[in-house]
1. Helix A:81-91 versus the longest principal axis of chain A: what is the Cα-based angle in degrees, 0 to 90, to the nearest 10?
2. With N residues in the stretch B:133-241, what two-decimal value do you get for its Cα radius of gyration over 2.2 N^0.38 Å?
3. Which lysines, if any, have their Cα less than 28 Å from the Cα of A:K158, not counting same-chain residues under 8 positions apart?
4. Which order results if A:F154, A:F276 are arranged by neighbouring Cβ count within 10 Å, fewest first?
5. Straight distance only, please: which lysines reach the Cα of B:K164 with their own Cα at less than 28 Å, same-chain residues fewer than 8 apart left out?
6. A:A55 label point, 7 Å along Cα→Cβ, cut-off 16 Å on backbone N: hits in the stretch A:154-194?
7. Distance in nm between label sites at A:Q161 and A:R99, each 7 Å beyond Cα in the beta-carbon direction?
8. Taking the simple approach of a point 7 Å from Cα along Cα-to-Cβ for both A:H142 and A:R202, what is their distance in nm?
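What follows draws every value from the coordinates through simple rules; no lab data is involved. Not measured: the values here are computed from a predicted model. Backbone-built Cβ (ideal geometry, glycine too); neighbour counts: all protein chains shown.
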Amino acid sequence: MSETRALIHEAAERLFEKHCGADTLRRADAGEFPQALWRALTQAGYDAALVPESAGGAGLEMPDALSLLICAGRHSLAAPLAETMLAGWLLSTAGIAWRIEGTAARVPWARQCGTIAVLADSGGKSIVALVAAADCAIKEGHNVAGEPRDDLVFSGTKTLQAGASPVSAGALLALGAVMRSAQIAGALQRVLETSVQYARERVQFGRPIGRFQAVQQNLAVLAGQTAAATAAAEAAIEAAPRDLDSLAVAAAKIRAGEAAGIGAAIAHQVHGAIGFTQEHRLHYSTRRLWSWRDEFGNEAYWSRRLGARVAAAGAERLWQGITAAG
Amino acid sequence: MARIENLRFEPPPPYPEAEKLRGEVRAFLAEHLPRRAITKGVGSWGGHDPEFSRKMGARGWIGMTWPKRYGGHERSALERYVVLEEMLAAGAPVTGHWVADRQSGPLLLRVGTEQQKNSILPRIAAGECSFCIGMSEPDSGSDLASVRTRATAAEGGFRINGTKLWTSNAHRADYMILLCRTGEAGEQRHGGLTQFLVDLKGTQGIAIRPVYNLSGEHHFNEVVFQDVFLPGGSVLGEVGSGWQQVTSELAFERSGPERFLSSFTLLVELTRALGADPSERARIALGRIVAHIYTLRRLSRSVAGMLQAGANPAQQAALVKDLGTTLEQEIPEIARQLIDAEPDRASTRDFVTVLAHTMMNAPSFSIRGGTREILRGMIARGLGLR
């Protein structure tokens, strides 16, 4: 890790630790927006991490900004940090007024946002627009982690700002997939740590359950899945600024998504009944794992795309394709 | 919440220079290993080919990281990694020098005498000297510390009595590195073990018998030592330090790209058989496998980088091998569900031949070089659970 990135991570860990504790998570779960956490995040400039300095953003290097999300995932951060970073990245290209028609499905935290970044199509060209949330019809919904995922209906909605954008819908989806992969990696790291700690403390048959080989072997698999998800996310974070169409991006969402399911299952098995309660905080991580793996394209979506590309390139180009992606 | 640092993977170090070497290796493979019909016989992919090993030695691709004075080439572990993975992905016949290059040579380099190093390392690097590993015994598999083959002091050397089993390529190898009991195990069970360098071609009293595997192939052997005399100069490293030497050797045995590329030839043939526009189900399966291989390759290169930096990533190596062999074993099971054809080693179709071969070898992937259960035990140790 570079020195800059290590410093950023350290500061972020401190901030998340302070502002996203058990109480914040419980209240967010009940539908309350974590104002104090959000204020701290915006004061630190994390929400604008992907906005260039010239446009008033933090102007972090993209890999530094994206890897922040591994820390956020570790802390089950109950706020739309990834989504606001994504909106900022999209909006750094915007200008004049348009009107928008259509529906945006499962928009993260829409009801709690003042303004919404929209990527719209205008005769085959991408238009990016900033829209006031008050000007849209909002139908509330949630993912299984209880995070708001609202449908937005635009009917001739006026834009606050708009302009042609070089960002395609595919690129937006891809960067979102990298973000979710990073969050999944972080959440798995947390799930591994809590599971190992629990296995060392919980005593049955006169000894900590972590002394039993059957439990050890399961935790070893969880460690493998965590390492794989982290490596896949880090590869995508490195590739994202160069090429959002990279094999690394698809591989990250596929691999991290698969690890999410296996990892959550083992964590629950190790924790037994207590981990299945609302009282225990394991579900803040596992419910997010179950949600995030299906957002911005699940394993089937990205595998289908990657598989089609591999097949089209042909058997003789298979290995070259893997090595060329770094 | 405490982070788990023991199992940390550093990002693989960037190494743009290696891409030039990759081009050279691919050109070499195109010249010396043109894609032959696999159905013309086993040996067309993978396998033992002394001529091919000599050609690789002549290109400087064996013993790449060793000092020049021992015939090496003083290149980085990352460059060596490029050569290894290109050879495996192409299914090149590298068995002849693989063990010597991967672990026996590096072990000699670390603990061998000047005489041993001077007489053997340059021949390995030239692709002219092959090794086998004398560790397992009839009653010592995963529990390696229980080996019973015994070396007793004799006039001018040692007498060896005992039996080694599952010794791959003993029937072709020039040397064996033999793990023997020379003293009492002690409380930790790891004392009293010593490694010997055994000249298999020039030593009397060694009986090497084939053990055919379930597909009828001859890789394994039983090697019986009956009052075999080894001169004092054949001790490798310190008397009594066998356990430490063996465990450091195993870190090298576990971390390489052979731990996730064993089934790669089948994946290539599957891709060929599926064609350019396969079904949705096949696309999903293919995309998933490629994502796994891409990720495994990153983890494996990360271990290579840590080895290069002088770290001891034994637990990370165990983790990569566990993940890698799991995927390798899945590939034939997935492939057979996508192509409607029966596995047949004598077929005239490449896919069904490679499917049969890979499927029948797959059980060994999670046994050789440390069973899945042993590796997961090591990972659990890394997690602080034992």
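1. Around 20 degrees separate the two axes.
2. Computed over Cα atoms of the stretch B:133-241, the ratio equals 1.04.
3. A:K125, A:K139
4. Numbers: A:F154 21, A:F276 13.
Listing A:F154, A:F276 from fewest to most nearby Cβ atoms yields A:F276, A:F154.
5. Candidates past the 8-residue exclusion: B:K117, B:K201, B:K321.
6. A:160-169, A:171-173, A:175-176
7. Between A:Q161 and A:R99, the simple spin-label model gives 2.3 nm.
8. Result for the modelled spin labels: 2.5 nm.
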